[in-house]
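Computed from the coordinates by the stated procedures, all read-outs in this text should not be read as laboratory data. Note that the structure is a prediction, hence the values are computed from the model and not measured. Cβ: placed from backbone, ideal geometry, glycine included. Neighbour counts: every protein chain shown.
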Amino acid sequence: MISDENLILEEQLSFIMYLCSKETIKRYKEYLDPLDLTYTQYLAMLVLWNGDKISVNDLSKRLYLDSGTLTPLLKKLEGKGLIERYRDRNDERVVLVNVAPKGFELKDKVKHIPEKILAETGIPASEATEILTTLKSVLERTSVDKLPFKK
């Protein structure tokens, strides 16, 4: 028999993860708004800073975003002068994304953000590492797609 305790909102793992995500994004917003960057744009830039000249398709997989969401995001980043998009010379069907000089300048302006946010939460770095490991495990177990960071 299934207990009614299974139906308590605050005991739902999915709800707690949802709230943690929402609150974390809210904290990032405080730092990203002055830089005219959304959280999703920030995530895209994180991927690009760590793997320049990536295809739009690969970027889509890394961010778990479909092309209908990613294309407008990339257009905005390109309009801000942070990235450049161009067709692959070997296969014109492939669009590649490159960080523009202004995008690399932005990297220096955001380097401190993750550390500041972690400090604001009061979560020790060692505990944050444990949480990240646990959440990656949860994601691996719940994801129907192959994870781009899974080894």
_Rounded to whole Hz, the Karplus (6.51, -1.76, 1.60) HN-Hα couplings of the range 92-98, x for glycine and proline_ = 5, 6, 8, 9, 9, 10, 10
*Can you give the three extents of the C-alpha atoms in the range 9-151 along their principal axes, from longest to shortest, in whole Å?*
51, 36, 26
*Would you calculate, for the chain, the mean residue ellipticity at 222 nm contributed by helices, counting each DSSP H stretch of 4 or more residues as -39,500 (n - 2.57) and dividing by all residues, to the nearest 500?*
-18500 deg cm²/dmol
*Rounded to the nearest 0.05, what FRET efficiency do Ala128 and Glu78 have when you use their Cβ-Cβ distance and R0 = 30 Å?*
0.35
_Computed log₁₀ I(q)/I(0) - Debye formula, equal Cα scatterers, no solvent, the range 17-88, q 0.18, 0.23, 0.25 Å⁻¹_ = -0.74, -1.13, -1.26
*Rounded to the nearest 10 degrees, what's the angle between the helix 101-110 long axis and the longest principal axis of the chain, both from Cα atoms, 0 to 90?*
30 degrees
*At 7 Å along the Cα-to-beta-carbon direction for both Lys61 and Trp49, put a label point, then send me their distance in nm to one decimal.*
2.4 nm
